[in-house]
Amino acid sequence: MSTQTTIDRDELFIGGEWTPARGSSRITAIAASTEEQVGSVPDGTPDDIDAAAAAARAAFEDPTGWSSWAVEDRAQALERLASALEARGQETARRVSLQNGMPISIAMETEAVFPAALARYYAGLIRASALEETRDGLLGGTIQVLSKPVGVVGAIVPWNFPQCLAMFKLGPALAAGCTVVMKPSPETVLDSLLLADAVAEAELPPGVVNLVPGGRELGAYLVEHPQIDKVAFTGSSASGRLVATRCGELLRPVTLELGGKSAAIVLDDADLGGAVEALFAATLLNNGQMCALSTRVLAPRSRYDDVVGVLAGLAGGLQIGDSLEPATQIGPVASARQRERVEGYIEKGLAQGARVVVGGGRPAERDRGWFVEPTVFADVDNSYTIAREEIFGPVLCVIPYDGVDEAVALANDSEFGLGGSIWTSDPERGERVAKRVQTGSIGINHYTLDPVAPFGGVKASGIGRELGPEGLAAYLQQQSIYREPSPDVEAA
Ligand code: NAD
């Protein structure tokens, strides 16, 4: 029996208003735990994107508008947005959990609070940023160097942490003075309605933020739209390549946050038994649906069975359940398609000779919802498909190594380079190893993103960084104004 009232909306948030959708087709929101319909929104069309891009362009070009506001006024608007997001934090977490299967306890710690924290962080950062400086020219005269907003941003986000990832882009873009057309993923649309309501409550000028949900074709339309000055994309490496190709042709700046297959290097002095919670967060958080998780666990051969045992105990002991239940640690994956994909990888792992130590199937007691048991594979070679490709589900591979040099070589033997972790009782030693791993971020005995630290990938994990001052820099571009030497100086 359904316990859910459905959330249905007929309008799109464009130009600061809820406006009737221009098309008639709809996106249906499905609860990952029950497969029930829980809401629907209009499926955005190219006409909607045209209207959103025109509104964002008009807001950006307005000579007294958002991009020309005093920094303090923009910072205060971001703080109002933060308050409006905080007021909706719990409901945002609930809607994300409902749709994509994220355990509600995790959604409360991330989706409920991180977006507002980011809006406040970027408000503070833009206040403290020098957006204009004067340099003495080497050849005489002075040069004013201005940091100006890059323009109208096309922002595309996936479904796994939809509101955090939306604010990774909105926070710095708004702080910089850009305007935004955002395309939420079709798997998570109900939470984006709350974001739009928060933007309206914060009284951002019309057109500064526009939201048009839709699928990949709509995303592609947004990427190449003539009114877009910069693209900010988070998604799979396969999609990222297509986005990068189009942006390359258009010479359009693009930031790409893509997939990962990161390594947890367990050193021979690690006390894994005392780090189970941190290990869970670094390897299986959000049902394995996080780009930076350490899903390849590299274990010293001398302690291989021990490491496999700890991971099997961890994965086998997790509470599987409806994502909205407070005790749930592992919910369903986000969609039927995603479960098929994860199960396909489990089959490939078995076919190539890996051994399932725990999990490998669907939980017997769940006949609805897209559940997959947390699964640990032992006897994995780094050349196996399950060690090379991103699975994006609760599946770990344990790979043996002999000596730290081999561990580092295995960690780096990957198409990707996004996250990673080192497990050791000697953090100094951990740091030495961490520095040798080719990756955008890495944790020692834990892995947690922080607003102040740049986040992004190397190799096929992406181009550019989000978060921190580096994330702000991606939305600013410089203009130099040369001023001739003053006649007094020349005469002297
Ligand atoms: P996806 O690439 O299929 O879709 C991501 C978003 O891009 C969606 O909104 C989708 O509609 C849109 N899209 C897809 N193809 C497009 C195209 N050609 N042009 C424009 N837009 C397009 O990815 P997904 O399955 O929704 O998300 C999971 C992937 O996202 C994983 O690979 C994961 O690692 C990655 N991810 C990366 C980060 C990061 O910061 N590096 C964070 C979260 C997720």
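Using a 1.4 angstrom probe and counting only protein chains, how large is the accessible area of Thr34 in Å², to 10?
40
Give me the distance in nm between label points sitting 7 Å out from Cα along the Cα-to-Cβ direction at Ser480 and Ala336, one decimal.
Label at Ser480, label at Ala336, 5.9 nm between them.
If Rh is defined by the Kirkwood formula over all Cα pairs and Rg also comes from Cα, what ratio Rg/Rh do you get for region 336-492?
1.21
Taking 23 Å as the cut-off for C-alpha to C-alpha distance, list the pairs among Lys230/Lys459; Lys261/Lys459; Lys261/Lys435; Lys169/Lys435; Lys148/Lys169 that go past it.
From Lys230/Lys459; Lys261/Lys459; Lys261/Lys435; Lys169/Lys435; Lys148/Lys169, over 23 Å: Lys169/Lys435.
Mind pulling the per residue volume of the convex hull built on the Cα atoms of region 406-462? Å³ is fine.
Taking only Cα atoms, region 406-462 has a hull volume of 73 Å³ per residue.
How compact and how long is region 429-492, expressed as Rg and Dmax of its alpha-carbon atoms in Å?
Both quantities, over Cα of region 429-492: 20.7, 64 Å.
Consider a paramagnetic label point 7 Å from the Cα of Lys148 along Cα→Cβ; state which residues of region 220-241 have an amide N under 18 Å from it.
In region 220-241, the label zone of Lys148 (backbone N under 18 Å from the point 7 Å along Cα→Cβ) covers 227-231.
Fully extended, how many nm does the chain gain between Asp10 and Ala87 (0.36 nm per residue separation, minus their Cα-Cα distance)? If you can, show how the numbers build up before the last one.
Working: separation 77, 0.36 × 77 = 27.72 nm, distance 2.34 nm.
Full extension from Asp10 to Ala87 adds 25.4 nm.
Figure the gain on full extension for Ala70 and Arg432 (residue separation times 0.36 nm, minus the Cα-Cα span) and round it to one decimal in nm.
The span from Ala70 to Arg432 would gain 125.9 nm if fully extended.
Looking at region 68-191, what % of the alpha carbon pairs are farther apart than 22 Å? All intermediate terms of the calculation are to be shown ahead of the outcome.
Details: 3275 of 7626 pairs.
In whole percent, the long-distance tail amounts to 43.
So for the chain, Kirkwood radius off the Cα pairs, Stokes-Einstein at 37 °C and 0.692 mPa s: how many µm² s⁻¹? Intermediate values should be presented prior to the final figure.
On the way: Rh = 23.5 Å.
In µm²/s, the coefficient is 140.
Take region 263-444, drop everything but the C-alpha atoms, weight them equally and run the Debye formula without solvent; then report log10 I(q)/I(0) at 0.11, 0.14, 0.17, 0.18 Å⁻¹ to two decimals.
-0.43, -0.70, -1.03, -1.15
In region 263-444, if the dipole is taken from +1 on Lys/Arg beta carbons and -1 on Asp/Glu beta carbons about the Cα centre, which of Gly419, Ala336, Ala312 is farthest to the positive end?
Farthest towards the positive pole: Ala336.
For the chain, which DSSP H helices look membrane-span-like by this rule: Cα extent along the axis of 15 Å or more and mean Kyte-Doolittle of at least -0.5?
46-61, 71-87, 114-128, 162-176, 190-201, 237-250, 304-316
The values are calculated or read from the model by the stated rules, or taken from the named source; none is laboratory data. Every value quoted in this text rests on a predicted model; they were computed, and no experiment measured them. Every residue, glycine as well, gets a Cβ built from its backbone with ideal geometry; the counts of neighbours run over all protein chains shown. The accessibility values were calculated without ligands, DNA or RNA, using every heavy atom of the protein model including side chains. Shrake-Rupley method; radii C 1.70, N 1.55, O 1.52, S 1.80 Å.
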